[in-house]
Amino acid sequence: MKTIRIVLFAFTLQVVWGCNKDLELTPESDYNAADFYRSVNDFRQALFGAYGGLRSVHGFDYPMLVESLSDNVNTQQNTANLPAARFGFTAGDDLVLGVWGAYWSVINRTNNILDQIDEGEFPDENVRTIMRGETRFIRGFCYFQLGWLFGGVPLIDRVMTAEEVTAIARSSQEETFAFAAADLEAAGEVLPESQGGDNLGRATRYAAKGILARLHLYMGNHEAARPLLEEILAYEGLSPYPEFVDCFLNTRDNGSEHVFQIQYTAGLVNQGNPLVYSLVPENLRSAQFPQGGRSTWVAVSDDLYEAYDTTDVRRDVTIQKGYTTVNNVVDSMTQLFVKFSHGTVPINNIDNDVNFPILRITDVQLMYAEVLNEMGYEPDGEAFVLLNTVRSRAGLDSLTSADLPDQQVFRDSLFKERRLEFACEALRWFDIVRQGPERATAIMNAYLARPEEGGGSLVFDPKYLLMPIPESELRTNPSLTQNPGY
């Protein structure tokens, strides 16, 4: 795997991206961090560059890292290229640096926009307001991601010189989340309910409020999350697709299921979604993967596969059991993530244009069910209705208070339901981490004790609940401190 190194203090990778799949994109050499923006089009292209940074990191580094850390991925198969699956990474790991650097690159782009947007030439002030809101949404999202992955980080809210940046120490995780929350709140106040036409796929009011609700749940602030989730669920423009598989078809992108997605486009240079083929072996051949996959594929754990009921339609949409190689050798046991491969098969395997989901409406439903349960268990109440709505689409029977008789049992059932609904959507590790060190460690060690996971040869260290600050950053900025244990 070719890794592009992007560090906090050298924002060199500029990827320009458009939200609409048919949008004409600006060449990468245009609109870099040193540009002077004046016109609406200048800011529009700069904003595409900020979105483009999200496109880059979510096409491989971020989902591969956080899925591999979780109990969704087998620790014994194909681990040479993905040390995260065996917790063998260090502060020098390329995947960790890739995630860290990519989010910082996007933050730099957003700061560059925000520093200049008030002086830009906008005939329509509403356009300026919306673009500012989108920019703050993107920055807030990046700080939230950095905060839960790495803990407290430096808070940089404007373009700074290298000397200034290298003198900024880490803030606490709470301060980092507060900064992210302020951006998301500001975005939620000004963004429109929906974006269409050339703006299709760009951030909306409900994307900002949904990510903010996710942040509050991470912090255990259920009262703050509740009104945000209620507002999203009250919006008639968002509703689940009737069929689970439709959520992951390129032909159904940006529909009512999707609160926010990372956009990918076919037919342009480096604008496709490489994650689709990166999840399967390079020697696989099938109608879905006529050119095979990649050397850095991941094997799905038996623990995840067995967690699905045999009648659960999500299992076979998400996971393929067994595959045939280019030499017609049949592997009947290996399990692969194929969740995003059910749509149009591209001529070039790196040119898949299916979007990557960041927030789906079923996530909002299950978050709200969680909030209701945490604020007071109610037998067969609204939380049950929301949980059973998600289960019904999966082909499962409804659960009642006879099945889930108290708050803790409901909590455990919801935790499992989220795993089954969002497998391979980069949410399982987030859900494990937010259980807290004691429970997260117990979950991971119970998983690692399974015979096919080494029978306890691997032991989970709670230090991995935070990623290490990349060692290259520590060398550059003496004000930074490393997370404990690394």
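List of remarks:
- Inter-label distance, GLU306 to ALA182: 4.9 nm, where each label sits 7 Å from its Cα along the C-beta direction.
- Cα gyration tensor shape of the chain, rounded if a/c is under 1.5, else prolate or oblate by comparing a/b with b/c: rounded
- Here the chain carries DSSP beta bridges of which approximately 95% are antiparallel, counting only pairs with both residues inside.
- ³J(HN,Hα) computed for each position of the range 399-407 - Karplus, 6.51 cos²θ - 1.76 cosθ + 1.60, integer Hz, glycine/proline x: 9, 10, 5, 5, 7, 10, x, 8, 4
- Helix-derived mean residue ellipticity, 222 nm - over the chain, DSSP H n ≥ 4, -39500 (n - 2.57), to 500: -13500 deg cm²/dmol
- Annotation for ASP246 and MET333: the two label points, set 7 Å from Cα along the Cα-Cβ direction, are 3.9 nm apart.
- Remark: the GLU174-THR481 segment gains 108.9 nm on full extension, using 0.36 nm per residue and subtracting the alpha carbon distance.
- Candidate aspartates and glutamates - alpha carbon under 13 Å from LYS463, same-chain residues fewer than 8 apart omitted: GLU438
- Prolate/oblate/rounded label for the range 115-245 (Cα gyration tensor, a/c 1.5): oblate
- In terms of its C-alpha gyration tensor, the range 422-467 comes out oblate, because a/c is 1.5 or above while a/b does not outweigh b/c.
- Taking 0.36 nm per residue of sequence separation and removing the Cα-Cα distance, the LYS416/ASN270 pair yields an extension gain of 49.0 nm.
- Candidates VAL385, VAL269, THR129 compared by Cα position along the dipole of the chain: farthest toward the positive end lies VAL269, with charges placed on Cβ.
- Cut-off 14 Å (backbone N to label point 7 Å along Cα→Cβ of GLU382), residues of the range 335-370: 365-370
- Considering only alpha-carbon pairs that sit under 8 angstrom and 6 or more positions apart, the relative contact order computed for the chain is 18 percent.
- Point-charge dipole on Cβ atoms (K/R +1, D/E -1) for the range 289-351, about Cα centre, debye to 20: 220
- Net length gained if the chain between THR129 and THR400 were fully extended (0.36 nm per residue, minus Cα distance): 92.9 nm
- Efficiency of FRET from Cβ geometry, ASP115 and VAL459, R₀ 41 Å, rounded to 0.05: 0.30
- Magnitude of the charge dipole for the range 447-486, about its Cα centre and with charges confined to Cβ atoms of Lys, Arg (+1) and Asp, Glu (-1), is about 100 debye.
- Under Stokes-Einstein, with the Kirkwood radius over Cα pairs as Rh, the value for the range 353-486 at 10 °C and 1.306 mPa s is 91 µm²/s.
Read-outs: derived from the displayed coordinates by stated rules, not from any lab. What you see is a predicted model; the values in this text were computed from it and never measured. Positions of Cβ are generated from backbone atoms using ideal geometry, with glycine treated the same way; all protein chains shown enter the neighbour counts.
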